[in-house]
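J.: The structure's right below; bear with me while I get my questions together.
The values are calculated or read from the model by the stated rules, or taken from the named source; none is laboratory data. Owing to the predicted nature of the structure, the values given are computational and were not obtained by experimental measurement. Using ideal geometry, Cβ is built from the backbone for each residue, glycine included, and neighbour counts are taken over all protein chains shown. Please note that ligands, DNA and RNA were not included when accessible areas were found on the heavy atoms of the full protein model with its side chains. Shrake-Rupley method; radii C 1.70, N 1.55, O 1.52, S 1.80 Å.
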Amino acid sequence: MTEKELQKLMDSMTLEEKVGQLVQCLAGQFISNEMEMTGPEGELLPKEELNRVMGSVLTFEDARQAKALQDQHLAADPKKIPLLLMLDVIHGLRTTYPIPLAMGCSFDEKLMTECADMARKESAACGVHVTFNPMVDTARDARWGRILETCSEDPLINGRMGAALVRATQREDLSNPENIACCVKHYAAYGAGEGGRDYNTVELSERILRETYLPAYKACLDAGARLVMPSFNSLNGIPSVANQWLMNDVLRREWGFEGVVISDYNAVGELVAHGVAENLRDAARMAMEAGCDIDMVMNAYYLHLANLVRDGEVREEAIDRAVMRVLRLKNELGLFENPYHGADEEKEKELYLCPAHREIARRAAEESAVLLKNDGILPLTDGTRKLALIGPFAEERHLVGFWSRPGAWKDAVTLPEGIRQLKPEIEITTARGCGADIGDTDESGIAAAADAARKADTVILALGEPEYDSGEGRSRAELTLPGPQMKLARAVLKANPRTAVVLFNGRPLVLTELAEIAPAILEMWYPGTEAGSAAARLLFGEANPCGKLSVSLARGAGQYPMAYNHPNTGRPKPEPDSQAFPFTSCYLDMTNRPLYSFGYGLSYTEFEYQALETDRDRMTPEETIRVRITVKNTGSRAGKETVQLYMRDRVASVVQPVQQLIDYKKIRLEPGETRTVEFEIREEQLRFWSFDCRHISEAGEFEISTGYADHLKLTKTFRLEK
Ligand code: BGC
């Protein structure tokens with residue numbers, strides 16, 4: 001349709017019909033399905049009336065349901081305006097790839113592109129028009145269960161990964177039934193909730209908000225994302241969905257966003273619980289005034305918007321603007337001509353879990369695993385014959401993580417399945433040892449597990465966090481391995497020191513004791529469908545670990561929030577860091593450093609950083625500096641290395657981070673191969689948000705280094721001249 005035709009269509013609509021376009025219902029209200037709800041369903045409203053006017057639905061199962069929902073609606077709607085069908089496709093639809101936090105550890109946008117591409121194909125076949133992805137909330141607190149959904153504590157990685165996902169999902173033309181639209185979330189700073197508690201208050205200066213939290217959302221919008229979802233939290237006193245500064249001033253005016261804003265699940269209704277709206281009617285008015293176009297799930301808009309217009313409290317032009325945005329999106333997706341878009345039962349069968357998709361998922365799982373410790377027992381290449389597979393995750397199939405499809409875990413490959421496929425000659429015994437649930441105290445299986453360990457020549461100890469203990473509404477105050485898992489680890493490691501630990505979890509866990517007693521630890525996160533095959537290939541050396549931590553792993557939960565790029569203080573703790581120095585910024589009972597730093601991760605080969613060279617030692621804002629970092633693979637295997645470039649602004653008018661990642665490149669080197677990686681430093685990369693919130697750079701000295709956070713090397717300085 002042309003813009004004129006859309007306008008004509010809107011002009012022909014009644015006020016109730018227009019409001020309907022701004023209402024989103026749960027598919028489950030119209031069709032029976034097994035999809036999980038993440039909030040209340042809301043009071044039951046007349047279904048027939050809703051079905052006639054509603055503009056969109058969320059959370060349906062498959063192409064069959066997608067078509068049925070559309071048919072049902074179009075049959076009832078005299079204006080024949082197709083529904084928008086939305087779904088949370090976060091890390092794969094049917095073929096699940098690793099959780100976003102793991103993907104962040106791959107430091108690889110190309111890999112993210114491949115994964116997003118396969119998720120796009122499967123989603124389009126399922127009938128999805130919009131995915132509530134990417135989630136790019138910078139998160140620095142592992143107590144927050146949703147840290148699993150973000151790629152990193154660093155906005156650069158979040159922005160790059162998010163933008164890659166948007167490009168691969170929407171591609172050039174949304175009317176192509178193979179493409180779907182992206183909704184960036186949760187705008188803004190949802191990851192900064194106080195105490196790591198989900199949905200909690202966020203208080204941040206505008207300067208820090210702009211420096212650390214906004215850039216990743218902006219990067220996704222620059223990549224073309226068509227929708228934005230405001231976050232549940234209040235930001236400096238105002239819940240995002242009613243935050244006019246955030247939505248009207250920054251998002252719409254400053255950034256020029258013209259797409260659709262959709263509330264999070266019942267976030268409009270929650271304005272009442274927040275205590276900023278007296279009732280649902282008030283809430284509807286406030287969200288509308290802040291430019292929220294669609295009300296997800298609850299009934300604030302449906303029940304009150306039309307009356308608010310009639311009573312002169314909301315201007316009809318505001319409704320019209322929102323409706324036009326929704327209609328434009330439907331039109332861009334080609335829904336007026338083809339309301340099913342890509343929904344296709346045959347294609348679903350063909351694509352879901354097809355070998356090509358499984359192969360991508362397996363590679364992604366391999367490349368996002370992080371080898372945290374290795375005293376030399378990994379890879380298990382020296383003739384393991386009798387293997388004991390021990391621990392609550394030894395035979396676990398729930399390895400896909402939160403935001404996977406109901407039942408997707410059933411398709412996941414377990415560890416023993418992965419190992420048997422790769423090494424059929426190995427004799428495997430298994431012992432669960434104990435459970436992994438929070439509060440589980442049953443230690444009765446530990447003795448038998450230790451016995452199994454003793455009888456084996458090699459042990460793989462699979463520990464972690466139950467799949468549904470990280471994710472939405474899953475905050476934890478303690479971050480140790482839940483249940484009696486540490487007791488099991490002590491007993492097994494005593495019984496057989498030739499034990500490699502494999503971890504399956506969704507958030508950074510506190511591994512301090514484990515790191516002392518275990519000779520090797522491989523962090524797999526929730527790797528998705530190909531969990532067991534990827535883990536087996538890594539453990540037995542068919543694949544070489546190359547993930548680097550995109551989040552800091554603390555020594556104790558008390559260290560959170562924590563980020564590698566924390567600001568300078570006036571009293572930094574002197575080295576050596578292991579001692580307490582009263583009257584400095586430190587803890588008396590723990591060092592400031594994480595157990596494993598951001599950017600860290602081992603390989604089965606060794607990389608030697610030989611040189612960091614720059615082509616000049618001063619630059620003006622118009623000039624660039626070329627940085628050349630030379631790396632050699634000095635080990636005996638091919639491997640991938642992420643070459644990281646850090647910057648420090650020595651003196652600035654506001655306190656600066658002690659280190660800041662400004663670029664990175666992932667390379668693959670054959671044994672003995674040397675490569676020089678080039679970076680270019682531009683003035684924008686030296687900018688920061690000033691006290692009065694201007695994005696500026698200041699003349700002066702800058703340091704650049706490589707290595708990884710807290711372990712920087714080959715430092716060089718240059719000056720920015722103005
Ligand atoms: C979550 C969103 C999600 C939405 C729809 C909410 O509870 O916060 O991230 O997109 O539900 O499922």
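J.: Given labels modelled 7 Å from the Cα in the Cβ direction, how far is it in nm from Thr2 to Lys487?
T.: Once both label points are built, they end up 7.6 nm from each other.
J.: Say the dipole of the chain comes from +1 at the beta carbon of Lys and Arg and -1 at that of Asp and Glu; which of Ser152, Ala652, Leu214 then lies farthest toward its positive end?
T.: Sorting the options by dipole projection puts first Ala652.
J.: Sticking with this one: Based on DSSP loop calls and a cut-off of at most 11 other Cβ atoms within 10 Å, the longest stretch of the chain free of exposed chymotrypsin sites (Phe, Trp or Tyr not before Pro) is what? Present the calculation step by step, with values, prior to reporting the outcome.
T.: Details: sites that count: Phe583, Phe691.
Result, exposed sites excluded: 1-582.
J.: What does the helix-only formula give at 222 nm for the chain: each DSSP H stretch with n ≥ 4 adding -39500 (n - 2.57), the total divided by the residues, and the result rounded to the nearest 500 deg cm²/dmol?
T.: Numbers: 19 runs with 195 residues, N = 722.
Only helices count here, giving -8000 deg cm²/dmol.
J.: Among Leu22, Pro621, Leu246, which residue has its Cα furthest toward the positive end of the charge dipole of the chain, with +1 on Lys/Arg Cβ and -1 on Asp/Glu Cβ?
T.: Comparing the listed Cα positions along the dipole, Pro621 ranks first.
J.: Here is a follow-up. As an exercise, use a Förster radius of 41 Å and the Cβ-Cβ distance of Glu49 and Glu206 to find the FRET efficiency, rounded to the nearest 0.05. Kindly include the intermediate steps, with their values, before the conclusion.
T.: Details: r = 43 Å, r/R0 = 1.06.
The computed FRET efficiency comes out at 0.40.
J.: Using a probe of 1.4 angstrom, how much of the accessible area of the stretch 605-720 is carbon and sulfur, in percent?
T.: 43
J.: Could you calculate the contour length gain from Asp437 to Asp11, that is, 0.36 nm times the residue separation minus the distance between their Cα atoms, to one decimal place in nm?
T.: 147.7 nm
J.: Give, as ranges by residue number, the residues of the stretch 156-173 whose backbone N falls under 19 Å from the point 7 Å along Cα→Cβ of Glu258.
T.: It comes to 170-173, nothing else.
J.: A follow-up question, please. What distance in nm separates the two pseudo spin-label positions at Arg687 and Lys386, each 7 Å out from Cα along the beta-carbon direction?
T.: 6.5
J.: Place a label point 7 angstrom from the Cα of Ala515 along the Cα-to-Cβ direction, then list the residues of the stretch 586-609 whose backbone nitrogen is under 14 Å away.
T.: Within reach of a label on Ala515: 590-602.
J.: Sort out for me the Cα centre separation of the stretch 60-83 from the stretch 431-454, rounded to whole Å.
T.: 51
J.: Then there is this: Among Leu712, Asn633, Phe688, whose Cα lies farthest out toward the positive end of the dipole of the stretch 605-720, if unit charges sit on the beta carbon of Lys, Arg (+1) and Asp, Glu (-1)?
T.: Asn633
J.: Using +1 on the beta carbon of Lys and Arg, -1 on that of Asp and Glu, and nothing else charged, what's the dipole of the stretch 361-551 about the Cα centre, debye to 20? Intermediate results must be reported in sequence, preceding the final value.
T.: Numbers: 22 positive and 26 negative charges, 60 e Å.
In total the dipole reaches around 280 debye.
J.: Using 0.36 nm per residue, how much length does the chain from Arg694 to Thr717 gain when fully extended, once their Cα-Cα distance is taken away?
T.: On the way: separation 23, 0.36 × 23 = 8.28 nm, distance 2.50 nm.
So the chain would gain 5.8 nm between Arg694 and Thr717.
J.: Ignoring ligands, DNA and RNA, what accessible area per residue does the stretch 361-551 give at 1.4 Å, in Å²?
T.: Values: 6130 Å² over 191 residues.
Spelled out: the 1.4 Å probe surface of the stretch 361-551, per residue, equals 32 Å².
J.: Rounded to the nearest 0.05, what FRET efficiency is calculated for Glu623 and Asp577 with R0 set to 41 Å and r the Cβ-Cβ distance? Don't skip to the answer; put the middle values down first.
T.: Details: r = 37 Å, r/R0 = 0.91.
Step by step, r from the Cβ atoms, then E = 0.65.
J.: Using a basic spin-label model with each label point 7 Å from the Cα along Cα→Cβ, how many nm lie between Asn236 and His566?
T.: Simple spin-label model gives 2.4 nm for this pair.
J.: Figure the gain on full extension for Thr676 and Asp173 (residue separation times 0.36 nm, minus the Cα-Cα span) and round it to one decimal in nm.
T.: Details: separation 503, 0.36 × 503 = 181.08 nm, distance 3.78 nm.
Using 0.36 nm per residue and subtracting the Cα-Cα distance, I get 177.3 nm.
J.: My understanding is that a pair violates if its Cα-Cα distance is over 27 Å; which of Lys218/Lys349; Lys410/Lys455; Lys18/Lys67 do that in this structure? Before the final figure, lay out each step's value.
T.: On the way: Lys218/Lys349 36 Å; Lys410/Lys455 31 Å; Lys18/Lys67 23 Å.
Beyond 27 Å between Cα atoms: Lys218/Lys349; Lys410/Lys455.
J.: Which entries in Lys666/Lys716; Lys8/Lys330; Lys121/Lys373 show an alpha-carbon gap greater than 26 Å?
T.: Values: Lys666/Lys716 21 Å; Lys8/Lys330 15 Å; Lys121/Lys373 37 Å.
Correct reply: Lys121/Lys373.
J.: Follow-up. Using unit Cβ charges (K, R positive; D, E negative) and no other charged atoms, how large, in debye to the nearest 20, is the dipole of the chain about its Cα centre? Walk me through the intermediate numbers first.
T.: On the way: 84 positive and 109 negative charges, 302 e Å.
In total the dipole reaches around 1460 debye.
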